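Here's the structure, in structure tokens; my notes come after.
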Amino acid sequence: MKSLSQSRSESEVHSLCAVDDIEQAASRSRKKLIRRPGTVAGKLPWNDMRNGKLWRHAAQFIFVLINIYICATFYFWVRFYETGGATTYVSRPAGIEGWLPIAGLMNLKYTLET
């Protein structure tokens, strides 16, 4: 293997690499960017069916409504037993099973901290 002193000096190698890189970059042709059809400034309008942001927000809003319904139903179920049956009976919501383990862990943490 030849050393740098035999073939070229280190500064010559760096200058040649830099010149070659610049020439290669200048000779490359760039692909022209094309905007998606039906967009305004490259963005989809809010009411377009292909707009992912709209679908994400709609799904999140539906889940919020489901959680509000579950919480309200659970509240009325608990109130029935707290009042000794004086209020209207509401069956226990099935979706509350997702919330109870979380509440149990929070209560365990509170108990261990105090």
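Since every read-out is calculated from the coordinates, none of them should be taken as a lab result. Note that the structure is predicted; figures quoted are calculated from it, not measured. So basically every Cβ, Gly included, is an ideal-geometry build from the backbone, and we count neighbours across all protein chains shown.
A full extension of the chain between K43 and K109 corresponds to an added length of 19.1 nm, given 0.36 nm per residue minus the alpha carbon distance. Taking other C-beta atoms within 10 angstrom as a stand-in for reagent exposure, V90, V64 fall in the order V64, V90, fewest first. Taking the number of Cβ atoms within 10 Å of each Cβ as an exposure proxy, the fewest-first ranking of E97, E113 is E113, E97.
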